[in-house]
Amino acid sequence: MPLVHFFETSFGRTYGRKMVLVEAVSGGVSGWGEVTCGEQPYYNEEWTEGAWELLKSYVVPSLLGRTLETAAEAGRHTAGMKGHRMTRGGMETACWDLEARLKGVPLWRLIGGGARKEIPCGVSIGIQDSVQQLLGKIGTEVEAGYRRIKMKIKPGWDVEVIREVRREFPSIPLMADANSAYTLGDIERLKRLDEFGLMMIEQPLAHDEIIDHAQLQAALETAVCLDECIRTAHHAEQAIRLKACRIINIKLGRVGGFAEAKRVHDVCEANGIPVWCGGMLESGVGRAHNIALATLKNFTLPGDVSASRRYWKRDIIDPWVEVTKQGTIETGDGPGFGYDLDPDFLASVRVRQESFTAQ
Ligand code: OSB
Ligand code: MG
């Protein structure tokens, strides 16, 4: 699916997405999940083609034909596999949607959410070709009502660019995401960000470096938020114990699905660490799952879950995800994740399909 506008992070530029959807079927009812990895293994180790192979060879065979009492058990059957949580999560989240649809309840209720009827939304804005282009994009999103702006940064597109943004928008809730582009050698440069009153700086250091983040957080006034580093509730515990961050971004795929996302949420809540729901440029399927997740109590900060039309000319769900003028997404009472698939459009963008049936 081509993106409406390219998306650039410190690790590269994307013009379109190629994603794997998982349809889990039982008793004539379908549940849907999305593998949220990138096309290339640069955000983490996963990538679309790898996800396809892992699903076929390991994830599907480990669940096909099994009797599950609840979707909360699904993750156990793939727990022996190391890493690849986004791929395993594509299956796990499909099982949760399936259970919710079989029971006729909204997914947000099944996962124990529902703390809010409307979820607060922010946007993530990529690195642009010019500062002028960035300022224009920020203006559009602020005008649309989004409650916070996240801008991507990297060495060479950081202090001076944020200064320009702050000159134009002195008081908007603003944060920066570096996607692991810095090292502890950059500590003096990162300290210069303190003057801009950012809500947080997201994942400045390496994807697997909790200890370095603890050293950085001790040197900064700005809160550090961890994204890539947190793949399990245990990582969240370690990061909190080491004071490596003051905020955590929870991504459903990155942690392997709803069961682990809830555990990360609970650890953070018990320790007074607020969380927000991150995004991976998902189609409507992954977006709808994120909306359900963000109704859990401790998702108190605006996340990266925003309107379908910011990403796609046409989304694969019906209706599309819309954002109110107050910068919120309203949740409904429909079964499962609460949106229908658009089968005609889905068929028109599908490039590959394989089905597996239990004996
Ligand atoms: O780090 O949050 C990130 C997109 C792709 C990979 C990593 C990230 C992102 C985003 C976009 O920031 C969030 C979204 O709008 O879906
Ligand atoms: Mg991030």
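The values are calculated or read from the model by the stated rules, or taken from the named source; none is laboratory data. It should be emphasised that the depicted structure is a prediction, and the values quoted were computed from it without experimental measurement. Cβ: placed from backbone, ideal geometry, glycine included. Neighbour counts: every protein chain shown.
How many residues are of a type in the set (Asp, Glu) and without any contact (Cβ under 8 Å) to a residue 12 or more places away in the chain when one looks only at the stretch 41-76? First the steps, then the outcome.
Step one: of the stretch 41-76, the residues of a type in the set (Asp, Glu) are 45-46, 49, 53, 69, 73.
After this cut, where a residue has to be without any contact (Cβ under 8 Å) to a residue 12 or more places away in the chain as well, the list is 49, 53, 69, 73.
Within the stretch 41-76, residues that are of a type in the set (Asp, Glu) and without any contact (Cβ under 8 Å) to a residue 12 or more places away in the chain number 4.
Can you go through Gly80, Gly38 and tell me which one is outside any helix (DSSP H, G or I), among the small types (Gly, Ala, Ser) and within 16 Å of ligand 2 (Cβ to nearest atom)?
Gly38
Is it the case that Asp342 is at pLDDT 95 or above and either surrounded by fewer than 17 Cβ atoms within 10 Å (Cβ to Cβ) or within 18 Å of the chain's Cα centre (by Cα) (or both)?
Working: at pLDDT 95 or above: yes; either surrounded by fewer than 17 Cβ atoms within 10 Å (Cβ to Cβ) or within 18 Å of the chain's Cα centre (by Cα) (or both): no.
The answer is no for Asp342.
Scanning the stretch 194-218 for residues that are under 24 Å from Val165 (Cα atoms) and surrounded by fewer than 19 Cβ atoms within 10 Å (Cβ to Cβ), which turns out farthest from ligand 1 (Cβ to nearest atom)?
Glu195
Report, by residue number, each residue of the stretch 244-262 that is under 16 Å from the mean Cα position of the chain (by Cα) and more than 16 Å from ligand 1 (Cβ to nearest atom).
Initially, the stretch 244-262 is screened for residues under 16 Å from the mean Cα position of the chain (by Cα), giving 247-262.
Passing the criteria: Gly256, Gly257, Phe258, Ala259, Glu260, Lys262.
Of all residues in the stretch 275-305 being polar (S, T, N, Q) and surrounded by fewer than 24 Cβ atoms within 10 Å (Cβ to Cβ), which is nearest to ligand 1 (Cβ to nearest atom)? Break it down stepwise before answering.
Taking the stretch 275-305 first, the residues polar (S, T, N, Q) are 283, 290, 295, 298, 300.
Filter once more, keeping what is surrounded by fewer than 24 Cβ atoms within 10 Å (Cβ to Cβ): 283, 295, 298, 300.
Working: Ser283: 11, Thr295: 18, Asn298: 19, Thr300: 18 Å.
Looking at the filtered set, the residue picked out is Ser283.
Determine whether Ser130 is within 16 Å of ligand 1 (Cβ to nearest atom) and among the hydroxyl-bearing types (Ser, Thr, Tyr). Show your work before the answer.
Numbers: within 16 Å of ligand 1 (Cβ to nearest atom): no; among the hydroxyl-bearing types (Ser, Thr, Tyr): yes.
No; evaluated as a whole, the condition is false for this residue.
Among the candidates Pro170, Pro155, which residue alone is out of contact with any Pro (no Cβ under 9 Å at 6 or more places or on another chain), more than 16 Å from ligand 1 (Cβ to nearest atom) and under 26 Å from Ala244 (Cβ atoms)? Give the steps one after another, and end with the answer.
Values: Pro170 fails: under 26 Å from Ala244 (Cβ atoms).
Testing whether each residue is out of contact with any Pro (no Cβ under 9 Å at 6 or more places or on another chain), more than 16 Å from ligand 1 (Cβ to nearest atom) and under 26 Å from Ala244 (Cβ atoms) leaves just Pro155.
Within the stretch 176-185, is there a residue that is over 18 Å from Cys277 (Cα atoms), of a type outside the set (Gly, Ala, Ser) and away from ligand 2 (no atom under 16 Å from the Cβ)?
So the first thing to find is which residues in the stretch 176-185 are over 18 Å from Cys277 (Cα atoms), and the list is 180-185.
Remaining after also requiring of a type outside the set (Gly, Ala, Ser): 182-184.
Pick out the ones that are also away from ligand 2 (no atom under 16 Å from the Cβ) and you get 183-184.
Yes, there is a match, as at least one residue in the stretch 176-185 is over 18 Å from Cys277 (Cα atoms), of a type outside the set (Gly, Ala, Ser) and away from ligand 2 (no atom under 16 Å from the Cβ).
Residue by residue, here is whether (1) farther than 26 Å from Asn298 by Cβ; (2) assigned by TED's automatic domain parsing to the domain that holds Asn44; (3) in contact with a Leu (Cβ under 8 Å, 6 or more places away or on another chain); (4) surrounded by fewer than 22 Cβ atoms within 10 Å (Cβ to Cβ) holds:
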| site | (1), (2), (3), (4) |
| --- | --- |
| Val59 | yes, yes, no, no |
| Thr70 | no, yes, no, yes |
| Glu73 | no, yes, no, yes |
| Gly80 | yes, yes, no, yes |
| Gly89 | no, yes, yes, no |
| Lys117 | no, no, no, yes |
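Say whether the condition of being in contact with a Pro (Cβ under 9 Å, 6 or more places away or on another chain), within 16 Å of ligand 2 (Cβ to nearest atom) and not acidic (Asp, Glu) is met by at least one residue in the stretch 305-327.
Checked against the condition, which is being in contact with a Pro (Cβ under 9 Å, 6 or more places away or on another chain), within 16 Å of ligand 2 (Cβ to nearest atom) and not acidic (Asp, Glu), the stretch 305-327 yields no hits at all.
From the list Val4, Val59, Val22, exactly one residue is under 20 Å from Gly336 (Cβ atoms) and more than 16 Å from ligand 2 (Cβ to nearest atom). Which is it? Write out each step before concluding.
Working: Val4 fails: under 20 Å from Gly336 (Cβ atoms); Val59 fails: under 20 Å from Gly336 (Cβ atoms).
One residue alone meets the criteria, Val22.
Results for (1) farther than 17 Å from Ala24 by Cα; (2) within 16 Å of ligand 2 (Cβ to nearest atom); (3) in contact with an Asp or Glu (Cβ under 8 Å, 6 or more places away or on another chain); (4) among the small types (Gly, Ala, Ser), shown as yes or no for each residue.
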residue	(1), (2), (3), (4)
Thr87	no, no, yes, no
Asp97	no, no, no, no
Trp108	yes, no, no, no
Ser124	yes, yes, yes, yes
Leu135	yes, no, yes, no
Ile138	yes, no, yes, no
Glu143	yes, no, no, no
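When the residues of the stretch 35-46 are filtered to those that are crowded, with 19+ Cβ neighbours inside 10 Å and within 12 Å of ligand 1 (Cβ to nearest atom), which remaining residue is nearest to the chain's Cα centre (by Cα)? Let's see the steps before the verdict.
Just the residues of the stretch 35-46 that are crowded, with 19+ Cβ neighbours inside 10 Å, to begin with: 35-38, 43-44, 46.
Keeping just the survivors that are within 12 Å of ligand 1 (Cβ to nearest atom) gives 36-38, 43-44, 46.
Details: Thr36: 8, Cys37: 10, Gly38: 12, Tyr43: 12, Asn44: 13, Glu46: 14 Å.
By that ranking, first place goes to Thr36.
Residue pairs, Cβ under 6 Å, 6 or more apart or interchain, first in the stretch 318-345 and without any contact (Cβ under 8 Å) to a residue 24 or more places away in the chain, second not in a strand (DSSP E or B). List them.
Glu322/Ala307
Does Arg254 qualify as being surrounded by fewer than 24 Cβ atoms within 10 Å (Cβ to Cβ), closer than 30 Å to Arg76 by Cα and out of contact with any strand residue (DSSP E or B) (no Cβ under 8 Å at 6 or more places or on another chain)?
Numbers: surrounded by fewer than 24 Cβ atoms within 10 Å (Cβ to Cβ): no; closer than 30 Å to Arg76 by Cα: yes; out of contact with any strand residue (DSSP E or B) (no Cβ under 8 Å at 6 or more places or on another chain): yes.
Against the criterion (surrounded by fewer than 24 Cβ atoms within 10 Å (Cβ to Cβ), closer than 30 Å to Arg76 by Cα and out of contact with any strand residue (DSSP E or B) (no Cβ under 8 Å at 6 or more places or on another chain)), Arg254 does not qualify.
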